[in-house]
Amino acid sequence: MAGEGSGGGGGAGAFEDEAEPTVTIGEYIEGIEAEELEADLVLGGDDGKECTYGGGYLKRQAVFSCLTCVPAGVAGVCTACSLACHDGHECTQLMLGWFFLLKVVELWTKRKFRCDCGNSKFGSHVCKLCPEKDPENPANSYNHNFKGSYCTCGRPYPDPEAEKQVEMIQCCICEDWFHEDHIGLNSIEEIPRDEEGEPLYEDFICPKCSPKCYFLKLYPDTIWASNKQSSAPQAETTNSTVMNGNSSLGDIEKSENGALINHLNCEKTSDNENCPKDSVAPEKASLDDSSDGKCKLGMNISSNTPSADSEKKMPFFMSKSWREVICRCETCTDFYAQQGVAYLIDKEDSIEEYEKIAKQKREKKLEQQEGVEANFLNSLDHVQKIEILSGINDMKNELQSFLETFDSSKPVTSEDIRAVFENLAKKKKQRLS
């Protein structure tokens, strides 16, 4: 994330072999807009002006951990508080034998979280935006991410010991982040991706959390994400990212979490491991799309869920819109609650829905900005409008003249920029005189 600087000395010759990248104004603007969109997606469209404490335990929001105020990493703050109350906070802490300069740790999003800023965990620190808060938020959950460490390896991100920062993925159950080579696969090539390397899965469930989600094995294979390396042709689906095959137990080949399975001889074709002899593949349900309260599975989920005790714990990769398939009958809903995963049937819990809402907020904000600009132009008289258009034209011509005459082998200095605006001021004075 941090760039590498160059030393002072050496003269211009030190850069002769370096090809300096160039971008057009259009490319630069597109890059800025892409960064703004990415920020909006992470922050859920939150403008960071008000503390979210009053909203209670939000279904999902961006959360930050200030290790300056709470070194133990058992507190989280909302976007607004990270900016208004903790901006610039930093401290040095010993972690894994290394000293790290820790600031506010960005945790991306967490579910059912209420802002802690200024409560009893922060000592004498008082929240500037919402000073009246309960001493603690007992329903909040905290993991080692709040201390700045991630994955089963407990490493920080970015990792100062790593030559290259590798991609991490978040479990939709425990919400910890994992390095792709630390999730129990023989190779990261088993992770479902398309030819361009983009993920073909909507949600990832880590090996530690997958046992509590073994009831998902009762569902047809379309809820599992397909791997691009599957040699079998992909069936057409509504979102083109789910696994092929129907729900019959007699199918010879099934795809499970990106690995092809032969249910007749229980042999994985993506590795050399064999299924446990006492493990029997559960019969897949033929889903009923009725909404009359009947169970989609047509069975008691508690008594039919396969045991995870006899199987190697493996990660799950779920297909696009898989949550929409999950049964919502009373029996299944009670079972989800018992397993502690009732949020899986809450549409607003998913990252996809979170980002969808963020995009809608962004579009509304851009429309409002355009409306303000249009109202401003409409409020001007004819002379003022002509003046603005003339100023824009002068700016365009001056920049074009500067670029045509400027020596591209030299850096642009503040004096060059000052000269451009001085020329613009002269032209304006001449135009108005």
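Among the residues examined, T68 qualifies as among the polar types (S, T, N, Q) and modelled with pLDDT under 95. Just wondering, is there one or more residues in the stretch 120-133 that are aromatic (F, W, Y) and in a strand (DSSP E or B)? Looking through the stretch 120-133, none of the residues is aromatic (F, W, Y) and in a strand (DSSP E or B). Considering (1) part of a helix (DSSP H, G or I); (2) of a type outside the set (K, R); (3) in contact (Cβ under 8 Å) with a residue 24 or more places away in the chain, the lone condition that A337 does not fulfil carries the number (3). Candidates in the stretch 334-355 are the residues that are more than 23 Å from the chain's Cα centre (by Cα) and within 15 Å of L218 (Cβ to Cβ); of these, the one that is least open to solvent (accessible area, probe 1.4 Å) is Y336. Of L424, L399, L366, all but one fail to be surrounded by 12 or more Cβ atoms within 10 Å (Cβ to Cβ), in contact (Cβ under 8 Å) with a residue 24 or more places away in the chain, assigned to a helix (DSSP H, G or I) and outside the structural domain of N304 (by the TED database); the exception is L424.
Evaluation of F122 against the conditions (1) crowded, with 19+ Cβ neighbours inside 10 Å; (2) under 22 Å from the mean Cα position of the chain (by Cα) shows that the sole unmet condition is (2). In the stretch 313-332, the residues that are without any contact (Cβ under 8 Å) to a residue 40 or more places away in the chain form Cβ pairs under 8 Å with partners that are open to solvent by 20 Å² or more (accessible area, probe 1.4 Å) and among the hydroxyl-bearing types (S, T, Y), at six or more places apart or across chains, as follows: T331/S302.
Would you mention how many residues in the stretch 37-58 are at pLDDT 95 or above and either buried (at least 18 other Cβ atoms within 10 Å of the Cβ) or of a type in the set (D, E) (or both)? Reasoning before the result, please.
Step one: list which residues in the stretch 37-58 are at pLDDT 95 or above, which gives 50-58.
Those still in the list that are either buried (at least 18 other Cβ atoms within 10 Å of the Cβ) or of a type in the set (D, E) (or both) too: 50-53, 58.
Residues meeting the conditions: 5.
Look at D159 and say whether it is free of Cβ contacts under 8 Å to residues at least 60 places away in the same chain and part of a loop (DSSP other than H, G, I, E, B). When the stated conditions are applied, D159 passes them. Candidates are the residues of the stretch 134-151 that are within 14 Å of T109 (Cα to Cα) and part of a loop (DSSP other than H, G, I, E, B); the one that is most open to solvent (accessible area, probe 1.4 Å) is S141.
The values are calculated or read from the model by the stated rules, or taken from the named source; none is laboratory data. Treat the numbers as computed from the prediction; the structure is a model and nothing was measured. Note: ideal-geometry Cβ built from the backbone for every residue, glycine included; neighbour counts use all protein chains shown. With ligands, DNA and RNA removed, areas are computed over all heavy atoms of the protein, side chains included. Shrake-Rupley method; radii C 1.70, N 1.55, O 1.52, S 1.80 Å.
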